[in-house]
Amino acid sequence: MYSADQARERRRPVTIARLRRMKEEGTPIACLTAYDYSFAHAVDAAGMDVILVGDSLGNVMQGRDTTIPVTVDEIVYHTRCVTAAATAALVMADMPFLSYCDPSMALANAARLMKEGGAQMVKLEGAGEQAHIVEALAGAGVPVCAHLGLQPQLVHKIGGYRVQGREQAAAERMVEEALAMERAGADMLLVECIPATLGARLAGELQIPVIGIGAGAGCDGQILVLQDVLGITPGRVPKFSRDFMPEAGSVSGALAAYAAAVREHRFPAVEHSF
């Protein structure tokens with residue numbers, strides 16, 4: 001019988017190629033956010049495939065109303081803390097608001113996230129108009145995850161945190177944008193707060209893994225915010241999330257329960273979907 005740490009040490013590092021194989025084999029991809037060394041160690045030990053150092057740290061670590069004030073320096077710092085702990089999970093880092101306005105800026109900031117922070121992939125929000133940014137990053141050897149659906153960095157522009165893609169025209173546009181991102185060289189797609197039927201359609205039409213957060217069980221994988229999984233988020237908790245602590249009784253138990261629920265197709269359930 002191996003301890004959690006021994007099992008963690010024996011686990012092979014997750015790569016982009018492995019994530020693509022998981023999609024092809026129909027194996028759900030378990031992802032979670034983390035922002036510091038201790039929690040990243042626990043998330044990695046629980047067997048997560050991907051750890052996201054999200055700009056959601058602005059909300060859950062800094063107490064801000066939006067992710068907009070988060071800086072590149074802050075993401076670099078938190079990514080460095082997380083990569084110091086993660087031995088198997090692939091670490092993905094968010095590119096903050098207005099840090100990728102043009103290809104040269106995007107390349108410079110992605111270089112910092114990877115070289116200083118140790119990230120293995122960067123994530124950026126944006127629809128089809130960001131395809132040239134993705135193309136420039138991919139062309140330089142930077143693994144990219146595109147983020148469609150609800151984009152928290154656009155909260156002021158879209159007028160709040162609302163489900164996206166409900167109307168047929170909006171859904172068709174999102175499919176076109178996702179395909180454009182894939183053609184531009186994106187290695188993964190994250191979709192947030194969209195109808196479950198649209199999430200399943202995107203996973204079916206794209207060759208790259210599609211990770212959902214509030215996007216239904218038909219996606220290739222799921223991601224949540226760490227604090228939501230542990231039930232320590234102040235205030236209102238998103239409909240698409242679930243607190244795994246009451247049943248698990250410990251941090252390590254809750255993280256393992258979340259990963260198992262994703263892999264066994266028990267999360268998300270209908271009540272967590274739109």
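Please enumerate, by chain and number, the lysines with C-alpha under 17 Å from the C-alpha of Lys115, excluding those fewer than 8 residues away in the same chain.
Lys123
Which log10 I(q)/I(0) values does the stretch 142-274 give at q = 0.09, 0.19, 0.22 Å⁻¹ under the Debye formula, counting every alpha carbon as one identical point scatterer?
-0.27, -1.09, -1.32
Report the Cα centroid-to-centroid distance between the stretch 98-114 and the stretch 174-211 in angstrom, as an integer.
If you average the Cα positions of each part, the centres end up 23 Å apart.
Considering the dipole of the chain built from charges on the beta carbon (Lys and Arg +1, Asp and Glu -1) around the Cα centre, which of Gln62, Pro143, Val14 is farthest to its positive end?
Towards the positive end, the residue furthest out is Val14.
In the chain, which whole DSSP H runs stretch at least 15 Å along their own axis (Cα) and average -0.5 or higher on the Kyte-Doolittle scale?
Answer set is 72-83, 103-115, 168-184, 251-263.
Taking the alpha carbon gyration tensor of the chain, what are the square roots of 5 times its eigenvalues, largest first, to the nearest whole Å?
Whole-Å semi-axes of the equivalent ellipsoid: 25, 22, 19.
Just want the answer: with Cβ charges of +1 for Lys and Arg and -1 for Asp and Glu, which residue in Leu124, Ser99, Tyr77 is farthest toward the dipole's positive end in the stretch 74-131?
Checked the options; the winner is Tyr77.
Cut-off under 14 Å on the C-alpha distance; same-chain residues fewer than 8 positions from Lys239 excluded. Which aspartates and glutamates are left, in chain and number order?
Cα-Cα hits under 14 Å: Glu192, Asp228, Glu271.
Using the Cα centre as the reference, give the magnitude of the dipole from point charges on the C-beta atoms of the stretch 96-172 (Lys, Arg: +1; Asp, Glu: -1; all else neutral), rounded to the nearest 20 debye.
260
Just the Kirkwood number for the stretch 1-153, please: inverse of mean 1/r across all distinct Cα pairs, in Å, one decimal.
For the stretch 1-153, inverting the mean 1/r across all distinct Cα pairs yields 15.8 Å.
What GluC sites (Glu not before Pro) does the stretch 214-274 have in DSSP loop regions with at most 13 other beta carbons within 10 Å?
Listed in order of number, the matching sites are Glu264.
Size of the dipole of the stretch 1-139 about the Cα centre, Lys and Arg at +1 and Asp and Glu at -1 on the beta carbon, nothing else charged, in debye to 20?
Taking the Cα centre of the stretch 1-139 as origin, the dipole is about 560 debye.
Rank by packing, highest mean first: peptides 143-149, 170-176, with packing defined as the count of other Cβ atoms within 10 Å averaged across residues.
Packing order, densest peptide first, comes out as 143-149, 170-176.
Read-outs: derived from the displayed coordinates by stated rules, not from any lab. Please read these numbers as outputs of a predicted model, since none were measured by experiment. Glycine gets a Cβ as well: all are built from the backbone with ideal geometry, and neighbour counts include every protein chain shown.
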